[in-house]
Amino acid sequence: MSIRCTVESAFFIAWSSLEKSGELGPPDISANIILDAIEAQLRTGERRPLMLANKAIDAYRNLNRQPRTREVRLG
């Protein structure tokens, strides 16, 4: 399986899973988070699509669990 097919497969698995669970946010941001996580795993030598997808889902969920800080302006 080529790297392109591996990435496409892993992305589709992760995207579908997050979409079905209702966790998927804005498409552009979500796609970037998923692809960044897949790319990071590819750099470590991981090539199994399901493992890549699972790690991408974990990264997406962990990123969205972090509290967001709001800017407060006084005056």
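The values are calculated or read from the model by the stated rules, or taken from the named source; none is laboratory data. Keep in mind it's a predicted model, so treat the numbers as computed, not measured. So basically every Cβ, Gly included, is an ideal-geometry build from the backbone, and we count neighbours across all protein chains shown.
State whether one or more residues within region 41-51 are modelled with pLDDT of 95 or more, within 18 Å of Lys20 (Cα to Cα) and among the aliphatic types (A, V, I, L, M).
Within region 41-51 (the criterion being modelled with pLDDT of 95 or more, within 18 Å of Lys20 (Cα to Cα) and among the aliphatic types (A, V, I, L, M)), the answer is yes, since at least one residue qualifies.
Contact list please: Cβ distance under 6 Å, first residue in region 13-27 and of a type outside the set (Ser, Thr, Tyr), second residue assigned to a helix (DSSP H, G or I) and surrounded by 12 or more Cβ atoms within 10 Å (Cβ to Cβ), pairs at least six apart or on different chains.
Listed by first residue and then by second, the contacts come to Ile13/Ala53; Ala14/Ile34; Ala14/Ala53; Ala14/Ala56; Ala14/Ile57; Leu24/Leu18; Leu24/Ser30.
If you go through region 21-66, how many residues are of a type in the set (S, T, N, Q) and under 16 Å from Cys5 (Cα atoms)?
So the count comes out to 1.
With (1) in contact (Cβ under 8 Å) with a residue 40 or more places away in the chain; (2) exposed (fewer than 15 other Cβ atoms within 10 Å of the Cβ); (3) of a type outside the set (Asp, Glu) as the list, and Val7 as the residue in question, which single condition is left unmet?
(2)
In region 19-42, what residues are out of contact with any helix residue (DSSP H, G or I) (no Cβ under 6 Å at 6 or more places or on another chain) and surrounded by 18 or more Cβ atoms within 10 Å (Cβ to Cβ)?
Ser30
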